[in-house]
1. Limited to the stretch B:116-134, what total is found for residues that are within 20 Å of B:CYS264 (Cβ to Cβ), out of contact with any Leu (no Cβ under 7 Å at 6 or more places or on another chain) and of a type in the set (A, V, I, L, M, F, W, C)?
2. Would you be able to tell me the number of residues in the stretch B:144-174 that are within 24 Å of B:THR204 (Cβ to Cβ) and open to solvent by less than 30 Å² (accessible area, probe 1.4 Å)?
3. Sort out which residues of the stretch B:261-288 are assigned to a strand (DSSP E or B) and open to solvent by 20 Å² or more (accessible area, probe 1.4 Å), and write them in order of number.
4. In the set B:VAL557, B:VAL476, which member is farther than 29 Å from B:THR451 by Cα, more than 13 Å from chain A (Cβ to nearest Cβ) and aliphatic (A, V, I, L, M)?
5. Could you check, for the stretch B:311-325, whether at least one of its residues is in a helix (DSSP H, G or I), closer than 27 Å to B:LEU449 by Cβ and away from every other protein chain (no Cβ under 14 Å)?
6. Report every pair of residues separated by at least 6 positions or lying on different chains whose Cβ atoms are under 6 Å apart, first residue within the stretch A:569-594 and closer than 9 Å to A:PRO522 by Cβ and facing chain B (nearest Cβ under 7 Å), second charged (D, E, K, R) and in a helix (DSSP H, G or I).
7. Go through (1) open to solvent by less than 10 Å² (accessible area, probe 1.4 Å); (2) within 11 Å of chain A (Cβ to nearest Cβ); (3) of a type in the set (A, V, I, L, M); (4) touching a residue at least 60 places away in the same chain (Cβ under 8 Å) for B:LEU541 and report which single condition fails.
8. Look at A:PHE318 and say whether it is open to solvent by 30 Å² or more (accessible area, probe 1.4 Å) and under 18 Å from A:THR392 (Cβ atoms).
Number of protein chains: 2
Amino acid sequence: MTYRAPINDMLLALNHGAGLEAAVKAGHYGDFDADITAAVLEEAGKFASDVLAPLNRVGDEHGIKLEADKVITAPGWPDAYQRWSAAGWNAVSGPEAFGGQGLPLAINAACTEIWSASNIAFGLCPLLTLSAIEALDAHGSAELKKIYLEKLISGEWTGTMQLTEPQAGSDVGALRTRAERAPDGSYRIKGTKIFITYGDHDMTDNIVHFVLARLPDAPAGTKGISLFLIPKLLVNADGSLGLRNDIYASGVEHKLGMHASPTCTMTMGDKGGAIGYLIGEENKGMQCMFTMMNQARLGVGLEGVGIADRAYQQALAFAQERRQGRAVGKAGDGSDPIIVHPDVKRMLMQMRALTAAARTICYATAVALDISVRAKDAKVRSEAAARGALLTPIAKAFSTDIGNEVASLGVQVHGGMGFVEETGAAQHLRDARITPIYEGTNGIQSIDLVTRKLAANGGASVWGLLGELTSIVKRVEASNNPAFGTTGPKLRDALASLERTSKWLLERVTSAPNDALAGATPYLRLFGSTLGGCMLANEALAARDLGEGAGDPARYVTLARFFAENISVQAPSLERAVIDSAEAVNGADAVLLA
Amino acid sequence: MTYRAPINDMLLALNHGAGLEAAVKAGHYGDFDADITAAVLEEAGKFASDVLAPLNRVGDEHGIKLEADKVITAPGWPDAYQRWSAAGWNAVSGPEAFGGQGLPLAINAACTEIWSASNIAFGLCPLLTLSAIEALDAHGSAELKKIYLEKLISGEWTGTMQLTEPQAGSDVGALRTRAERAPDGSYRIKGTKIFITYGDHDMTDNIVHFVLARLPDAPAGTKGISLFLIPKLLVNADGSLGLRNDIYASGVEHKLGMHASPTCTMTMGDKGGAIGYLIGEENKGMQCMFTMMNQARLGVGLEGVGIADRAYQQALAFAQERRQGRAVGKAGDGSDPIIVHPDVKRMLMQMRALTAAARTICYATAVALDISVRAKDAKVRSEAAARGALLTPIAKAFSTDIGNEVASLGVQVHGGMGFVEETGAAQHLRDARITPIYEGTNGIQSIDLVTRKLAANGGASVWGLLGELTSIVKRVEASNNPAFGTTGPKLRDALASLERTSKWLLERVTSAPNDALAGATPYLRLFGSTLGGCMLANEALAARDLGEGAGDPARYVTLARFFAENISVQAPSLERAVIDSAEAVNGADAVLLA
């Protein structure tokens, strides 16, 4: 079962749900030619279907091997990677000064969904490289940029991000890897990192590691962390590759999924210390990390969207093929495809609606991040930055949560075949399971949403967004389209719940922080369910305005309605869970530790 | 990480939540001595911790092998099985006339939870044997019982249930395996079955297969299916083992989980036909299957409970051990166990509350099934049978759905370690994933609940249960215990939603069946969330009445409160999903097939 990029859905989400078209019209995208969007997505979809999707199962079955410090990837993977970077896909949103195409992040977001859907373990490698590019571009010296940036942007070399250590996961400040100043201005780094994605591989000649470490005289905690660039192979002055640096993959994890993506333990210092170069200032490494966190978290959210869409496409195809039983009221011999059964329809609609909502949330995040750097007007940029910051934890956590739910539904639609690995449905579930964990667990995202994003400026970012969403609901109601069913009232109720809950949390975030924290996870779900419902309704209205050219506009109305009536409808219950259950959550020790 | 049976929780659930104590007092259990319950569970827990739990990971890693028609189980498994049956565990609820201990099904249900929690792939084998025992005991001839029943009850031989064929899964009536009458009164069976659990193994000398097949002159569909007993090895008149019968494992599945449980393709007829013996009457095989379906479905529900509890215990231990960050407001060096964080508390409470509710629902189902055969009064028996029939699909589907949710939360609590197979959290998720599928998918359970159980007698079974649940809520409110928080109002709202939704569905189940079917899945969830909330509140009241002897009674109040405020609170949203979204579900083709 292959994958076809759902270009119509993606374009509607990007241009209308996420507001790319309006932002371009408002001039926030400078000279970006929006006409190329469809062509880029078509080409990306073609590459994904032809090259990446067929390797997805190969990678799962073969996994990777660690042999004498070297990671060997699955058959066909190095070749696919080289074709991928040669075709320019790594450089889509990279800065033009260093060979990038300078396209908006929003376009790259749609591409990221495509890579993740076709082959999530493959797509993860360039996601990390993108973070490395961002860190280097924003904080690296001109000299380092000159040597490394172009090759990272082209994809000739890949990047890694190395934060985690055994005692330092979510608590990055607890890391112990040490860096010593060397006389030549470089540094020698010694230590061990774990869970390093693509820490080693055989797809490129060199790998550029970005490693957090601590100087001998550094303050404790996150204020004493510095960021270093450590190449696998040192680079000579003429740009040619030099000696092997003292950073090695010393182990790989045996994981539930993502088998084709090496997850390495990296050891530095067995031969005197890895040679590293400071990025930004000493002890300011966390700030460098924060600048790129939005994009990395969005990238993982898009993995959730991608895997959800892949699981949906596969389940839909199965449901149209597999015959069991008859439709209600149909007599005679033979059997019907299981898609005739209402319960199967419900599962498929749930999968599709959740996927579509998460897609638009992610794309809208990308558009906000784009405007925050591209718009001419400083106020527009700053408002977009606040919007992007607000949406990022939702894009990450909601999308990866639903990625898992949709992948699990995909298994269910397949019945007993879903539990058999050869079917492929189970792989999506296994692969998806890491996405709510890495790049900040979804619990961390929820806490970030409550304590930083909601609380910023007394909730101003949230109130601004609520205003926009309310205007969508007004347009739904004004449309007088009976096909919307109870979409309008459901979204109104959801918005009211979101507003009340936001206020309740704001009142407690400093005065009763444990009460606010206890509700963080249901709050994020409430936010995503409300936001997603409004965005899908907005897309349905846009599809109607576009007319038949955008496919069948009625389908988007039914999809929005399904979401509002099944997902957004949960908002009042989630409101009560946040507000009423803080006491039970914080009294949990009596239950858990008895 | 091992497993300890939560004896206090289980006894409270069994005796009070599920009503065993009251039923015993009312005389419905005859001469059953309830004093032995605790001792049986203690012993089962000890065996599970000592013997079965350590083999859980061994089984996952080694899996099974098919070599020359023979399935080889994982190291230590045959020995463990023999110890298990020698200790009498297979015979707990078997009829005394054939060597069983004749204990209530409710006791065996608690034991089934224990086997499933400690080693779900192991526990699955006796679950199938139990179904075989039930079929043979209820429908087999005296001669067949004499030869086979005692050995199945002791566990000296195991049983299989063979329904599924490639084209006949949920649609059993589509099966094609053929049976021909032989002159000696036996039959010759030819055909292929798939997904046959423990279809072959090396843990016992013989295996007794129960196979659905079709006679040459049988009517089409489910009315033309007969049930046959087919021994792996024929049995001589003196009870000794004879020739190898013509039924072989010709393939095994490569599955997401349950690696230690062989899932076989069974081929009959390569050597002239497997010799089989009719169970019940010709063409009445489906009725034989139906009589044992309640117990088999309950058994799978208990697998959901067991895997959930195992995942919870493992996550709780990790959260007490793993240190990251500080509790809010705590300054200074060092870090705290992650259980101090409210979001982690929430995850653990969610896991524990869902598990406790599903446990009681399953135990209550077992008590109803017990009373339906044990009570002296025919009216009591018939009401209990209706209650058992009503609860069975909920016990199966709600428990296995939450089994997956809890296992997934268990992975999440572990963070990155959860994705690493050696941790063991991922195995629970993989193993759990089949339980919503087999023994009737959860979609089938939901449809059964709406179309058969709710609709029976115009909803009388549901109204009777609602009355009992309402009286629990009244007692919660009368308790005036502020620790219950908003439990009372939440359960009242949930009961009102359940009543309205039940009525709405009843009105449509014949007049607009597709509308009723579209809401089946959210209806079952609504039912489970309401029922579970009331049952946990009932247990909390009972714990208070029992006083300190039942552990800390306050913990059960907090647990019930958490469930009501986070799970039961979803009832009004689920009500709306059933009622409002039927149109969007049944209009899904416009979205899915566009």
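1. Here is the first cut: in the stretch B:116-134, the residues within 20 Å of B:CYS264 (Cβ to Cβ) are B:119-132.
Still in the list and also out of contact with any Leu (no Cβ under 7 Å at 6 or more places or on another chain): B:120-121, B:123-128, B:130-131.
Of the ones still in play, those that are also of a type in the set (A, V, I, L, M, F, W, C) are B:120-121, B:124-125, B:127-128, B:130.
Summing the residues that are within 20 Å of B:CYS264 (Cβ to Cβ), out of contact with any Leu (no Cβ under 7 Å at 6 or more places or on another chain) and of a type in the set (A, V, I, L, M, F, W, C) in the stretch B:116-134 gives 7.
2. At the first step, the residues of the stretch B:144-174 found to be within 24 Å of B:THR204 (Cβ to Cβ) are B:144-164.
Those left that are additionally open to solvent by less than 30 Å² (accessible area, probe 1.4 Å): B:144, B:148-149, B:152-153, B:155, B:157-162.
Matching residues across the stretch B:144-174 total 12.
3. Just the residues of the stretch B:261-288 that are assigned to a strand (DSSP E or B), to begin with: B:263-268, B:274-279.
Listed by number, the residues that qualify are B:THR265, B:THR267, B:ILE275, B:TYR277, B:LEU278.
4. Numbers: B:VAL557 fails: more than 13 Å from chain A (Cβ to nearest Cβ).
One residue alone meets the criteria, B:VAL476.
5. Keep residues of the stretch B:311-325 that are in a helix (DSSP H, G or I), which gives B:311-321.
Now restrict to residues that are closer than 27 Å to B:LEU449 by Cβ: B:311-312.
Checking the rest, the ones that are also away from every other protein chain (no Cβ under 14 Å) come to none.
No, the conditions are met nowhere in the stretch B:311-325.
6. Pairs found: A:SER581/B:GLU565.
7. (2)
8. Values: open to solvent by 30 Å² or more (accessible area, probe 1.4 Å): yes; under 18 Å from A:THR392 (Cβ atoms): no.
So A:PHE318 does not fit the description; no.
The values are calculated or read from the model by the stated rules, or taken from the named source; none is laboratory data. Every value quoted in this text rests on a predicted model; they were computed, and no experiment measured them. No Cβ is skipped: glycine too gets one built from the backbone with ideal geometry, and neighbour counts run over all protein chains shown. When the accessible area is computed, the model is the full protein with side chains, heavy atoms only, and any ligands, DNA or RNA have been set aside. Shrake-Rupley method; radii C 1.70, N 1.55, O 1.52, S 1.80 Å.
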